[in-house]
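Scroll down for the structure; my scribbles are underneath it.
What follows draws every value from the coordinates through simple rules; no lab data is involved. In this text, all values refer to a predicted model and were calculated from it rather than measured experimentally. Here the Cβ is made from the backbone with ideal geometry for all residues, glycine too, and neighbour counts use every protein chain on show.
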Protein chains: 2
Amino acid sequence: MERYDVIGLGYCSDDYLGIVPHITPFDGDTVTMLDFAHDGGGPVSTALVTLAKLGARTAYLGALGDDESGQFLLQAFASAGVDTRFIQIQAGGRSPSCIVLVEEGTGRRSIHCFRGQLPLYSLTEPAREALRSARFLHLDGHSPHAIAEAAAIVHEAGGQVVFDANRPRPHTPDVLKITDILIAAERFPTAFTGVEDLLEASRRLMDWGPRLVVTTLGSNGCFCVTPTEHFHVPGFSVPVVDTTGAGDAFHGAFIFGLLQPGWPLYEIARFANAVAAMNCRRLGGRAGLPTLAEVQAFLRSAQ
Amino acid sequence: MERYDVIGLGYCSDDYLGIVPHITPFDGDTVTMLDFAHDGGGPVSTALVTLAKLGARTAYLGALGDDESGQFLLQAFASAGVDTRFIQIQAGGRSPSCIVLVEEGTGRRSIHCFRGQLPLYSLTEPAREALRSARFLHLDGHSPHAIAEAAAIVHEAGGQVVFDANRPRPHTPDVLKITDILIAAERFPTAFTGVEDLLEASRRLMDWGPRLVVTTLGSNGCFCVTPTEHFHVPGFSVPVVDTTGAGDAFHGAFIFGLLQPGWPLYEIARFANAVAAMNCRRLGGRAGLPTLAEVQAFLRSAQ
């Protein structure tokens, strides 16, 4: 039977991205885009593509439509090496699609997303079997109805759950309770706990379950908190084209580091910062993702 | 040899459209799109698709890349029945792509366009031969280097030139000089002539060459001016989803009316108003285009 390093259960979207000097209002003059790209997106799915490109064995659990976007996303997984056999394709379903306007020079984004029209993803016996083989389950809070069972299977088999928390949602407490490693967006710890201080907020989050809380800080890198230590890991300065997928690439790269025998936490975080920065050099959530050799070269040249 | 009712020389773009309650700024909260669509666009090319769907024999003259957008646009022409044999496909070229955010409820648009990276379209001998057979040449001001020769061929063979003028550009005077029928966007006559009054501005435009000037007025229909008469033709009220392509559909339908034996100018304009209105009922520049039977039923029900 196939064994997996990481199985992802979460969101996948079809992204259309343009670089613009500014955003024009309704009925305003047409703005010339400097560049345009079509790329796959979504937190868990882009993290899986990151992992696959780095060399990990991954599979995606989720639903897609058989529409143009669904076909594109399926092909993107397949060509990246993410196992697609557990994806549920809905005839007549509509896959999620996002329009992303990226500010020239800063890479800041204006995001508009169509959520799609798809049935809930439900675990099948082959998917459960795959989960039993996985070292990590990666979640972004989508497909909430399947999260508890998937996490229970992974825990039972000795694996761990990594949760990408972007903003508090109704089911966030339930997900935190089954999370081993929380990687949070910059605003999440304070938004969820109400505590301004990041160290204190991270400790409050650990009370829910996680034994490691990492908060991503954009170009400033990340902040790691365990029961025994806490430290900031500075980011890398690169010419930023587009920040889309930077966080997702960080998650994928961080899990890749966790998979490696003996990597210290600081080095894992530094590796993830590097992959996130490298991914900002191209337009699109996945276009700038590096191979392992490329990250190693980047880290050597940054020393 | 193939004969054509209308040959179009102009712009073609790949449009990605989303319906949004509002536009979010850079770094703002993600906005949920109510719907998303992928459709072909561009003034002349959408007019040709309109004509083909109504039953006219059409061909498009222009360049496309062999990228994902170019393949989509080529297929869209082919499936609509527009002859694609004169399209120049550039290996490695990038086709134009636009991101269109459409305001929920009003159909007003915020447009951002990537102009593509393609060589200039150049007339070939088969394209010249096709032009000799055409009753109308439709222009939108793109491919300006080829316009004079194409118009000369059509005129020599007894055909007429219809120009879709959206806004004044450097070569607009040259195009007006070889234009028989000008169909202008609402702002064009005043923007070009500096004259506020639409009748007077239309007459000034006729001094450049056109013997008929039609100005589209959105939901208010259109205003027609000839050397001997002038009149307003009211538009049709429909539930507007998206105004993308409304003007282009008007142009195509207007030329379709010109092709019909004995249609009075007022009826042609009313027919074009109907097609433009019908096209606003769907998201996308071409998604709402009707067949001739559908327009006839619409006009009957509107009486």
Amide H proximity to B:Gly65 below 5 Å, modelled H, separation 5+ or other chain, gives B:Gly70, B:Gln90, B:Ser95
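Give, rounded to the nearest 20 debye, the magnitude of the charge dipole that region A:90-199 has about its Cα centre when Lys and Arg contribute +1 at Cβ and Asp and Glu contribute -1 at Cβ. All intermediate terms of the calculation are to be shown ahead of the outcome.
Numbers: 11 positive and 13 negative charges, 65 e Å.
Roughly 320 debye for region A:90-199.
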Taking only C-alpha positions in chain B, Rg and Dmax in angstrom work out to 18.4, 58
Expressed in angstrom and rounded, the centroid-to-centroid distance over alpha carbons for region B:87-165 and region B:232-295 is 20 Å
Checked against the positive end of the charge dipole of the protein assembly as shown (+1 on Cβ of Lys and Arg, -1 on Cβ of Asp and Glu, about the Cα centre), the farthest of B:Gly252, A:Gln75, B:Phe136 is A:Gln75
Label points for B:Asp197 built 7 Å along Cα→Cβ; distances to same position in the other copies, nm, shortest first, come to 7.7
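Nothing charged except the Cβ atoms of Lys and Arg (+1) and of Asp and Glu (-1): what's the magnitude of the dipole of the protein assembly as shown about its Cα centre? Round to the nearest 20 debye. Walk me through the numbers on the way to the answer.
On the way: 46 positive and 64 negative charges, 59 e Å.
Taking the Cα centre of the protein assembly as shown as origin, the dipole is about 280 debye.
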Per the 1/(1 + (r/R0)^6) rule, R0 = 51 Å and r from the Cβ atoms of B:Ala297 and B:Glu68, FRET efficiency to 0.05 is 0.90
A correct Karplus calculation of ³J(HN,Hα) over region B:193-207, with 6.51 cos²θ - 1.76 cosθ + 1.60, θ = phi - 60°, whole Hz and x for Gly and Pro, returns 9, x, 9, 5, 5, 5, 5, 5, 4, 5, 5, 4, 5, 5, 4
In region A:243-303, the trypsin sites (Lys or Arg not before Pro) that sit in a DSSP loop and have at most 15 other Cβ atoms within 10 Å of their own Cβ are A:Arg281
With the label point 7 Å along the Cα-to-beta-carbon line of A:Glu125 and a cut-off under 17 Å to each amide N, the hits in region A:52-88 are A:86
Karplus-derived 3J(HN,Hα) from phi for region A:274-283 (6.51 cos²θ - 1.76 cosθ + 1.60, θ = phi - 60°), whole Hz, x at Gly and Pro, runs 5, 5, 4, 5, 4, 6, 7, 7, 10, 7
Taking the label point 7 Å from Cα along the Cα-Cβ vector, the copy-to-copy distances for B:Thr30, listed from shortest in nm with one decimal, are 3.0
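So for region B:58-146: antiparallel DSSP bridges make up what percent, rounded to the nearest 5? Please list the in-between numbers first.
On the way: 7 of 11 bridges.
Taking every DSSP beta bridge within region B:58-146, about 65 percent pair in antiparallel fashion.
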Sites removed, the longest contiguous part of chain A containing no DSSP-loop GluC sites (Glu not before Pro) with at most 10 other Cβ within 10 Å is A:1-195
Gyration tensor on Cα atoms of region B:84-135, a ≥ b ≥ c root eigenvalues, a/c under 1.5 rounded, else prolate if a/b beats b/c, else oblate, says oblate
Here region B:35-47 yields Karplus 3J(HN,Hα) values (6.51, -1.76, 1.60; θ = phi - 60°; whole Hz; Gly and Pro given as x) of 7, 9, 8, 10, 8, x, x, x, x, 5, 5, 5, 4
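Hey, got a sec? Which trypsin sites (Lys or Arg not before Pro) in region B:131-183 land in a DSSP loop and have at most 16 other Cβ atoms within 10 Å? Show your work: numbers first, answer last.
Working: sites: B:Arg132, B:Arg135, B:Lys177; in loops: B:Arg135.
The qualifying sites: there are none.
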